[in-house]
Every structure is written in C-alpha cells, then in structure tokens.
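Student: One structure, as structure tokens, below. Some questions next.
What follows draws every value from the coordinates through simple rules; no lab data is involved. No experiment lies behind these values; they were computed from the predicted model shown. Cβ sites come from the backbone with ideal geometry, for glycine too, and all protein chains shown count toward neighbours.
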Amino acid sequence: MTLKTLLHAAKGGFGGLAATALLAGPAFAQAPAPALSEGNTAWMIMSTVLVLLMIVPGLALFYGGLVRSKNMLSVLTQVLAVASLTMIIWIIYGYSLAFTAGNAFIGGFSKMFLAGVTHETVNDGGSIPEYVFLAFQMTFAAITPALIIGGLVERTKFSAILLFMLLWVTFVYYPLAHMVWHADGYLMKLGALDFAGGTVVHINAGIAALVGAIMVGKRIGYGKDLMSPHSMTLTFVGGALLWIGWFGFNAGSALTAGPVAALALVNTLVATAAAALGWLAVEWAAKGKPSMLGTVSGVIAGLVAITPAAGLVGPIGAIVLGAFGSVVAYFFCTTVKNALGYDDSLDVFGIHGVAGIVGSIGTGIFVAPVLGGVGVEDYSMMAQVWKQVVAVVIAIVWCGIGSAILFKIVDLIVGLRVTVEREREGLDLSEHGERAYNM
Amino acid sequence: MKIVMAIIKPFKLDDVRDALTGVGVHGMTVTEVKGYGRQKGHTEIYRGAEYAVSFLPKIKIEVAVASSQVDMIVETIAAAAKTGQIGDGKIFVLGLDNALRIRTGETDAAAL
C-alpha cells in the first residue's frame, strides 16, 4: 500500500506526507531508513483490533440475527472458526504468499512461518513494526472468507465450509491481495486504486458467495416457507459494530495516523450515513415502509462502497458514492435476486459484491481533484475508470472461476450440503449438538 | 359445569381479567396462541423477501364455571374484549364432566 499512499500523496497536497512517503517507498530503498513512528504504531494496533471487532462479534451477530433460531449457533461457530483457521494459515504461508516478492500474481514462500520477521523488522513504509502490519493484514484475510458464509448459511456442512475457506484463501484471496496491494502486483502496477479492499475483500467475497449460493443450492422451502430473521435486534447490534470496526478497516488502511487516515475517517462516517438514508428513502418510496433491516443494510452497502475510495475521494464524493452504492445494492437485493431465483441467503453478493463494484469503479471518478478527490499522477478520468473496470473484471473472473472449481472439489471430498433431515432439524442441533435458546 | 374458552386480542387481557374479577371469578388459565379468522394475516418484508404471515398472536383464556353462571360470564368477557374491529376473537362454551382441587381433594362445584 506504500506505493498507493505515495501516488495520491504526491498529487494530493499533503506536502509533509509526500516527502515521507517518497523516502519510504521501495524505489528509494537506499535512502536512510525512516524512523519507526510510535503514533502510527499505536493507531495500527488499534485498527487491527477494530477489524477483529468487525468479525467477532460484529459480523457473527449481524449474520446470526438474520437466520432462523435453529441455525443461530451454526452461523456464530462458522464465523469464529473460519476467522481462527485463516489466521493460522496466514502465519504459515498466507502472509508470505500475499506480501513477499514473487511474480505479478502471487508472492513467494520466503516468509513462511514468518521467517525473517522479528520484533525489530518494519513494514515497507517503515513506520510501523512488521508484526503490526502483518497482524492488520491478517484480520483482512480473516474477515473476507467469513463474509462468504452469508451466502451459504442454514444448509452447508460445517466441514465443507472449513475446507472450502482453507482452499479459497490459498488460491483466490492471497493472489488477489498480492495483485492489488504488493508493489510487484499486476493491478498495483496497472495503477488500479483500491484503498482498503473493494476488490480484494468485497467483490471477492460477494462473487464467492454468489457462486456458493448457486452451487450449494437453495435452502429447503426457499420462497415458500417463512424464513424471517430470528433476531433483528442482534442484527442491529452486529451492523452497528461493523460500522464502528470499519474505522480500523478504512482509516487503518492509511497505515499511518496522518492526513490520509483523517480523510478516510470522515468518509467512513458520511458515505455510510448517506447510504443508510439512501436505502431508507428508496425502500420507503417503493415498499411503503422504511425498515430497520433496510436502513442497516444501507449502512453496510455504504461502508462497502466507500472502502476502495476511503482515503482517495473527498467527503462530497463519498456521500454520492455511498448513496449510489446503497440504492444499486437495494435494487439487486430486492429485484434482481428474486428475478433470478438464487438463494444468496444474507445478500453477500447483493451488498458486498454490488456495492463493491460501484465503489471500485466510482473511485476512478471521484478521485478526480475537480470532484474533491486527492488525485493521482497524470490523472485522466477515462483512463482511471478503465483501470478500475479492468481490476473489477479480473477480480470477478479470478474469484468466480476459482470459487467454482474449489466448491466442486469440496463437494467431491466431503459434500457441500447436510441431509434434508439435518437441514430441517436445524444445523445447531444436527451439526453442533447444542441449541441457541433454551426457553 | 362448563369451560368458557375465549380467544381474544392480547392487549385486552387485563380488561377481561379485571371484568371477571369484578363478577366474582377468581381463577383462570391463560395461553399465548396463534391463529386466524376473518382478520387473515399481514405481510412482512425483509430486504427483498416478502412473507405472508397468516397466524396472528392471540390470547386464549379458559375459565371453569358453574352452569348457572355461564351466560353472565360470556357476556362479561364479550363486553370487556370488544373493540368493534375485525379480529376481536371468539368465545366457546364446552361441557365439563369433573373437577378436583389437588390440595384439598374437593371435587366438582367445591373445586371451582
């Protein structure tokens, strides 16, 4: 992410930061090593913990409240176990594959088991300990597979979910993270902008969830039985924790506690607020009632839409991006999904995939200095939007094909679905041997 | 002896209880139930998913009374539970063969 910081800082009028970033950039490795910043380190430790807050309890409760009470614990267990599993894999080879030099598509194995990383090594930018950098990135690599669970709930085997996520981070997430965020990465070199993970996290998770929802198939009784959420209160709590944690996700992606983080902070507030109002308004107009679930869905859509743009666009651009992303996501969740009939149960594609695509392409527009953005070197709107489209298409194709192959492999090895009896009984009892509520 | 079974709107329970206490009924059994009659149901929308909810929450009251009191008690419940809106509920009267108070062993009328 150093190059990216460098790119927009150089154009963005953050004089002091630009100078620091130039010294710190990989191209200037022979320059004197910049001082480790305790301020930056403190903020990045905080950001890391905030992203963890997004996963547990944020995402777990947000998803858990949306399923029927007989499947509550299965969702909580899946989110917790998938995050834990992918954290350990990150240490074994994930960090190395994503963030060491290799080719344009994948890193190498030089830092397997964190070889060469000590408490004294620093990140590429040089201002925080490498341990903090890899821990921060670890939480991203953990939340992305956890997001996919929303497309698979209430019918997928626990063993299938664990095996799929293990393969998916290895063959889909690490390469895409390398392409987007490593200095050698194909999309980084292309000049595609992704501040905090619009392609790597949200489009990636959204597409994988869509492929999974189609390949695992619809839940029994989908479209006929009452499948209303069992606790909208927990969904609200989870959604609110996601918003709070997202400040670590977005403002933390500056990797410094400076002006870029400040911009991301403001954008993460206003884009989200605009998106909440956008969903509320369009739902009120179309369905006659403004709902809580609609408003909190707007919050998530806005957070997704601003993620790739958080440190790159101005607050007014962020408001437009958030509101637009939210309205498009509303259209996909309510109209397109019903028309096509796939059971993306918790709308991972409808919200993360769709708002992620809107945000990633919109970043190319609103980064324009004339629209209040920080700009990039030799900016031209058409050229930048084209680069963003290329990045989006590569993410969709890479993830779509990769996920389809991996779901097929998992189906052959352990089988994707639980039996009809187990699905009817609920995954809490049939897969985990416990129930969420004893009343 | 008779069982008077009334299905009423949940928010009318306190009114019905007060009215029955006022006419000397000092015990009843209450159950939360679901059902529908002419009121039908309503629609719930969660993001894109619309569900027709046909069963509405109601309260079922059961009171065991002497046969001589039945008409008066039915009228009392009906008056207290009435809003005039659709969905006010129904009252059924069932026969009751025997009754026993477990603590004392009293039976029938003495057990009510």
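Student: Be a star and scan region B:8-30 for residues whose amide nitrogen sits under 16 Å from the point 7 Å along the Cα-to-Cβ vector of B:E62.
Tutor: Answer for region B:8-30: B:8, B:27-30.
Student: Are there trypsin sites (Lys or Arg not before Pro) in region A:179-234 that DSSP puts in a loop and that have at most 15 other Cβ atoms within 10 Å, and which ones?
Tutor: Answer by residue number: A:K218, A:K224.
Student: On to the next question. Mind listing the Cα extents of region B:57-102 along all three principal axes, in Å, largest one first?
Tutor: 38, 24, 15
Student: Also, quick follow-up: Of A:T295, B:T29, how do they rank once you tally other Cβ atoms within 10 Å and put the fewest first?
Tutor: Result, fewest neighbours first: B:T29, A:T295.
Student: Given labels modelled 7 Å from the Cα in the Cβ direction, how far is it in nm from A:M439 to B:R103?
Tutor: Label-label distance for A:M439 and B:R103, simple model: 3.1 nm.
Student: Taking the protein assembly as shown, how much of its Cα-Cα pair set, in percent, is spaced more than 29 angstrom apart?
Tutor: Percentage above 29 Å: 57.
Student: Here's a follow-up. Considering all projection directions equally, how large on average is the shadow of the alpha-carbon convex hull of region A:195-249, in square nanometres?
Tutor: For region A:195-249, averaging the hull's shadow over all directions gives 5.2 nm².
Student: Among all the aspartates and glutamates, which ones have a C-alpha under 14 Å from B:K40's C-alpha, if same-chain residues fewer than 8 places away are not counted?
Tutor: Counting by Cα, and skipping residues close in sequence, B:K40 has these aspartates and glutamates nearby: B:D88.
Student: Also, quick follow-up: Which value in Å does the Kirkwood hydrodynamic radius of region B:2-111 take, with 1/r averaged over all unlike C-alpha pairs and then inverted?
Tutor: Evaluated over region B:2-111, this radius sits at 15.5 Å.
Student: Here's something else I'd like to know. Relative contact order for chain B using alpha-carbon pairs under 8 Å, separation at least 6, rounded to a whole percent?
Tutor: Relative CO of chain B lands at 42 percent.
Student: Using Cα pairs under 8 angstrom and six or more residues apart, how large is the relative contact order of chain A, in percent?
Tutor: After rounding, I find 23 percent.
Student: Once you keep just the Cα pairs under 8 angstrom separated by 6 or more residues, what percentage relative contact order results for region A:91-158?
Tutor: Across region A:91-158, relative contact order equals 20 percent.
Student: Turning to a different aspect of this structure: Roughly how tilted is helix A:38-53, in degrees to the nearest 10 and between 0 and 90, from the longest Cα axis of chain A?
Tutor: So the inclination is approximately 10 degrees.
Student: Normalise the Debye intensity by I(0) for region A:272-427, one equal point scatterer per Cα, no solvent, then take log10 at q = 0.11 Å⁻¹ and round to two decimals.
Tutor: The computed values of log10 I(q)/I(0) come out as -0.54.
Student: Pairs to check: A:K189/A:K387; A:K157/A:K218; A:K224/B:K34; B:K60/B:K90; B:K34/B:K90. Give those whose C-alpha atoms are more than 18 Å from each other in this structure. Mind showing how you got there, number by number?
Tutor: Numbers: A:K189/A:K387 10 Å; A:K157/A:K218 14 Å; A:K224/B:K34 20 Å; B:K60/B:K90 10 Å; B:K34/B:K90 13 Å.
Going by Cα-Cα distance, A:K224/B:K34 fall outside the 18 Å limit.
Student: Using just the alpha carbons, could you tell me how many Å³ per residue the convex hull of region A:93-210 encloses?
Tutor: Expressed per residue, the convex hull around the Cα atoms of region A:93-210 is 102 Å³.
Student: While we're here: Give the longest segment of chain A that steers clear of GluC sites (Glu not before Pro) in DSSP loops with at most 16 neighbouring Cβ atoms within 10 Å, not counting the sites themselves.
Tutor: Result, exposed sites excluded: A:121-376.
Student: In whole Å, largest first, what are the principal axis extents of the Cα atoms in region A:71-132?
Tutor: 44, 26, 19
Student: Between B:M72 and A:I413, what is the FRET efficiency for a Förster distance of 51 Å, r being their Cβ-Cβ separation, to the nearest 0.05?
Tutor: Efficiency, from the Cβ-Cβ distance: 0.10.
Student: May I ask you to derive the FRET efficiency for B:S54 and A:L80 from their Cβ-Cβ distance with R0 = 35 Å, giving the value to the nearest 0.05?
Tutor: For B:S54 and A:L80, the calculated efficiency is 0.45.
Student: Counting only residues 5 or more places away or on other chains, whose amide H sits under 5 Å from the amide H of A:A257 once H atoms are built in the peptide plane?
Tutor: Here the answer is A:N40, since their amide H atoms fall under 5 Å of that of A:A257.
Student: If you wrap a convex hull around the C-alpha atoms of region A:208-354 and split its volume per residue, what is the figure in Å³?
Tutor: 108
Student: Taking H placed 1.01 Å from N in the peptide plane, check which residues at least 5 places from B:Y46 or on another chain put their amide H under 5 Å from its amide H.
Tutor: Under 5 Å from the amide H of B:Y46: B:Y51.
Student: Then there's this: With a 10 Å cut-off between alpha carbons and a GNM built on chain A, which of A:P315, A:P129, A:P290 moves the most?
Tutor: A:P290
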